[in-house]
């Protein structure tokens, strides 16, 4: 079903709720709102439906959607001053399901400490207890019928297996090299994670994937939240609807002037003619951390200097719009595997004959399409860098912060940095991440034909550097300007260099080294810290986890939304996506997007009984 509402029907009536963006959080939110039969919900999604598309539903096709406009926004950053002037590609999901349709299917949740921080930052009720409730309510976990201890990641005796429509499970095929990588990490001082899905993720574990194990297919927000409810008479989805701006009027209240959303302006398909759909109760912006700020700015909500540059009248001055951007990064380190290594790798799919064979194996629940990305470790800098060097980096950053903190114009950022230093000193959560990948995924050297590879990704989660995303024109079809300010705080790059060195040492430790031959990337010619920095800046990638650009913080601390997700100064505009995250966490982001969508629905329904 490509759409369950026509353009003419949308234009001929009004809707109680309009959700801008049919992605991970947006479809979750809309589905939950539609449980109330006497309200109508319209989802406006800029992309295509992409329903029953095998490039989406079949697992193991990592990156196959990137740079294809039917699936990917294919954003690019501005050249990064502190990263050798490199401009980075930032793929993001475009179409129903958003990034949950094209991501790498990892299901992870943050540690309790990282989520409780949100409450400390001024958001009552946004804590681990709330998070776990909505995470468990979003998914159903299917245990693996295996005696392998490394797969025992869920407390099946004391915790619910979940009650939600999103399916999570371990992939059918668990390569031996993944288990050997985990053994190597333990040997190098990384503990087993005690509770990776129940609040304590520190250590190494075997991650679950968003996978319907009964069908060996991707489970994502479309299949989980929209498809089962698409026949509800009050739930409407219009794809190819590119939102321009929110239309508003103003009224006086006891708290002063308030902006009231009256409708949403959008264009449809290839016709760029502005259209308007009317809203009765609320507009919820769920377009993601890169598009949601742009939509608010084009609606007259944001920094006055930004709005002046794009010739948009200021309706609400909010300096936090498009600020406080935080992102994760990963980097590929690849080795050629030894000829006698027992596992098949994703490298086989580059050969048409092998690919055809594995497509047939996939139908039988076998082969590389039934693998996944499963080996993860979250560790503090003291493990990757050594305690003395980690302490030195911490002391240097603390000294820099103490010297500069009184000059910060943004008191919210000052408070975040204080908490980040506390988190770093106490090693409460692991900002350094290590990920296994059974194939080649690195640069700059290309893979050799006929060779098989194993890659490890050192990744970073706790960046002190803060970026921005802003509209540069009033043209709603133009991409916003994305500037993550990578490595503006040198501790970020210092820590990353040490994380890479740790990963390189892994390749020299048994039992992993018994599977690996020569290092393909970066290669033995990259040795000094300066060489590592040069290579790292040129080849590092976004981990597609952008957060913070419409932060849920007190207004005086550069917040944009309050704990009820309402935009300050508005009566009926809320935000429900990763942009509301005030301080980033140790985990991949899709689980949190589902939590935000579910929590937003309850907040809205409680506010509109």
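When region 293-331 is filtered for residues that are within 21 Å of residue 465 (Cβ to Cβ) and assigned to a loop (DSSP other than H, G, I, E, B), the ones remaining, listed by number, are 303, 319, 320, 321, 322, 323, 324, 327, 328, 331.
Taking region 348-456 and the helices (runs of 4 or more DSSP H) fully enclosed by it, the elements with 3 or more residues that are over 26 Å from residue 180 (Cα atoms) and in the same structural domain as residue 491 (by the TED database) are at 352-363, 387-404, 411-426. Quickly run through region 542-583 and pick out the residues that are surrounded by fewer than 24 Cβ atoms within 10 Å (Cβ to Cβ), out of contact with any helix residue (DSSP H, G or I) (no Cβ under 8 Å at 6 or more places or on another chain) and not in a loop (DSSP other than H, G, I, E, B). Hits for region 542-583 are 542, 555, 566.
Only one of 49, 54 is over 24 Å from residue 595 (Cβ atoms), out of contact with any strand residue (DSSP E or B) (no Cβ under 6 Å at 6 or more places or on another chain), surrounded by fewer than 23 Cβ atoms within 10 Å (Cβ to Cβ) and without any contact (Cβ under 8 Å) to a residue 12 or more places away in the chain. Can you tell me which? Even if it seems obvious, please write down each step before you answer.
Working: 49 fails: without any contact (Cβ under 8 Å) to a residue 12 or more places away in the chain.
Unique residue meeting the criteria: 54.
Candidates 32, 84: the one that is outside any loop (DSSP other than H, G, I, E, B), surrounded by fewer than 23 Cβ atoms within 10 Å (Cβ to Cβ) and modelled with pLDDT of 95 or more is 32.
Residue 520 falls short on exactly one of the conditions (1) in contact (Cβ under 8 Å) with a residue 60 or more places away in the chain; (2) in the same structural domain as residue 454 (by the TED database); (3) within 30 Å of residue 120 (Cβ to Cβ), and that condition is (3).
Does residue 98 satisfy the criteria of being under 18 Å from residue 597 (Cα atoms), in contact (Cβ under 8 Å) with a residue 40 or more places away in the chain, within 20 Å of the chain's Cα centre (by Cα) and not assigned by the TED database to the domain that holds residue 283?
Yes, satisfied.
Yes or no, residue by residue, for (1) out of contact with any strand residue (DSSP E or B) (no Cβ under 9 Å at 6 or more places or on another chain); (2) farther than 30 Å from residue 250 by Cα:
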residue	(1), (2)
525	yes, yes
533	yes, yes
538	no, yes
549	no, no
558	yes, no
565	no, no
585	no, yes
594	no, yes
597	yes, no
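Residue by residue, here is whether (1) buried (at least 16 other Cβ atoms within 10 Å of the Cβ); (2) closer than 30 Å to residue 197 by Cβ; (3) more than 29 Å from the chain's Cα centre (by Cα) holds:
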site: 293; (1), (2), (3): yes, no, no
site: 300; (1), (2), (3): yes, no, no
site: 321; (1), (2), (3): yes, no, no
site: 352; (1), (2), (3): no, no, yes
site: 370; (1), (2), (3): yes, yes, no
site: 378; (1), (2), (3): yes, yes, no
site: 391; (1), (2), (3): no, no, yes
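For every residue, the table says whether it meets (1) touching a helix residue (DSSP H, G or I) at 6+ places or on another chain (Cβ under 8 Å); (2) assigned to a loop (DSSP other than H, G, I, E, B); (3) on the phi > 0 side of the Ramachandran plot.
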| residue | (1), (2), (3) |
| --- | --- |
| 48 | no, yes, no |
| 52 | no, yes, yes |
| 63 | no, yes, yes |
| 66 | no, yes, no |
| 95 | yes, yes, yes |
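Report yes if residue 59 is surrounded by fewer than 20 Cβ atoms within 10 Å (Cβ to Cβ) and in a loop (DSSP other than H, G, I, E, B), otherwise no. Write out each step before concluding.
Values: surrounded by fewer than 20 Cβ atoms within 10 Å (Cβ to Cβ): no; in a loop (DSSP other than H, G, I, E, B): yes.
No: the conditions fail for residue 59.
Of the residues 237, 243, 279, which single one is crowded, with 21+ Cβ neighbours inside 10 Å, more than 25 Å from residue 479 (Cα to Cα) and at pLDDT 95 or above?
After applying the criteria, what remains is 279.
The values are calculated or read from the model by the stated rules, or taken from the named source; none is laboratory data. These figures come from a predicted structure and were not determined experimentally. Cβ atoms come from the backbone with ideal geometry, glycine included; neighbour counts cover every protein chain shown.
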